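Read through the structure below, which is laid out as structure tokens, and then see the notes.
The values are calculated or read from the model by the stated rules, or taken from the named source; none is laboratory data. Keep in mind that what you see is a predicted model, and the values were worked out from it rather than measured. Glycine also receives a Cβ, built like all others from the backbone with ideal geometry; neighbour counts cover every protein chain displayed.
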Amino acid sequence: MSSFVVIAVKPADFPKVLRRHLLAHPNVARQALRRAARRALPVIADTIARVRPHKPQDTGHYTARWTTEPMPDGALIYNPLMYAKVVETGRSPHPDAMAAGGVGPGAKWPPRDEIERWVRRKFRGSLTIASGVAAGFARAGGRRVNRRDLVERTVRSLVFLVRRKIGTQGTPGKFVLRDSLPKIIQIAQAEIIRALNEPPEVGYRP
């Protein structure tokens, strides 16, 4: 999981007075922190929705893949998508990105297939309109043009330009997890206090 974006919610994250109670009541601590982790998912989704500019919500897949996993002393909150780390911290520019057209040793262009799918989604309407206009001009000049070929050539050009820009200039991080963390800690502390204050005969319900 080292390549994922991960946060561990555990007793060590809290003030000394709370840590003392948590260490004395490990079962209560575990349940409280796991509940807090589950409550953190809407917080992360809200942070994603407020990212400006260019929030990372193209298909909704990135937002939907945030999940939690129980741990012996608490819980993990993580996103298993391989590009989640790039969304979080950004991508550094690489001077060698122009080498071999973005492929081969030293080249650091982003994956072609992912970018092509994004281009087709992002510019679907524009590609259709542009190909129609170009075909109209061609017919006016007595030439025949295949609109599908026009679209495909345009897609290839756009993919090349986007990959080159990302490879040579990098992308800024969105810092979704970093910006969500203060609220997540607040939620976790509230859950811990709630759990510690539950009457023994009632018990804590995660």
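Annotation: of all residues in segment 144-155 being part of a loop (DSSP other than H, G, I, E, B) and not β-branched (V, I, T), the one that is surrounded by the fewest Cβ atoms within 10 Å (Cβ to Cβ) is R144.
Filter segment 35-60 for residues that are in contact with a strand residue (DSSP E or B) (Cβ under 8 Å, 6 or more places away or on another chain) and either buried (at least 19 other Cβ atoms within 10 Å of the Cβ) or more than 26 Å from A190 (Cα to Cα) (or both) and give the result. Break it down stepwise before answering.
Initially, segment 35-60 is screened for residues in contact with a strand residue (DSSP E or B) (Cβ under 8 Å, 6 or more places away or on another chain), giving 36-38, 40-41, 44.
Across segment 35-60, the qualifying residues are A36, A37, A40, I44.
Checking each residue of segment 35-48 against the condition of being at pLDDT below 90 and not in a strand (DSSP E or B) gives no match.
Filter segment 56-69 down to residues that are of a type in the set (D, E, K, R) and either within 21 Å of I193 (Cβ to Cβ) or modelled with pLDDT of 85 or more (or both), then give me how many there are. Show your work before the answer.
Of all residues in segment 56-69, those of a type in the set (D, E, K, R) come to 58, 65, 69.
Restricting the remaining residues to those that are either within 21 Å of I193 (Cβ to Cβ) or modelled with pLDDT of 85 or more (or both) gives 65, 69.
Matching residues across segment 56-69 total 2.
If only residues of segment 61-81 that are over 27 Å from V119 (Cβ atoms) and among the β-branched types (V, I, T) are counted, the one that is surrounded by the most Cβ atoms within 10 Å (Cβ to Cβ) is I77.
In the set (1) over 30 Å from L41 (Cα atoms); (2) modelled with pLDDT under 85; (3) surrounded by 16 or more Cβ atoms within 10 Å (Cβ to Cβ), the condition left unmet by L158 is number (2).
Based on this model, can you work out whether A32 counts as over 26 Å from T171 (Cβ atoms), modelled with pLDDT under 95 and either assigned to a strand (DSSP E or B) or acidic (D, E) (or both)? So A32 does not fit the description; no.
Do you know which of the residues in segment 171-206 that are surrounded by 12 or more Cβ atoms within 10 Å (Cβ to Cβ) and in a loop (DSSP other than H, G, I, E, B) is modelled with the lowest pLDDT? Per the stated criteria, the residue is Y204.
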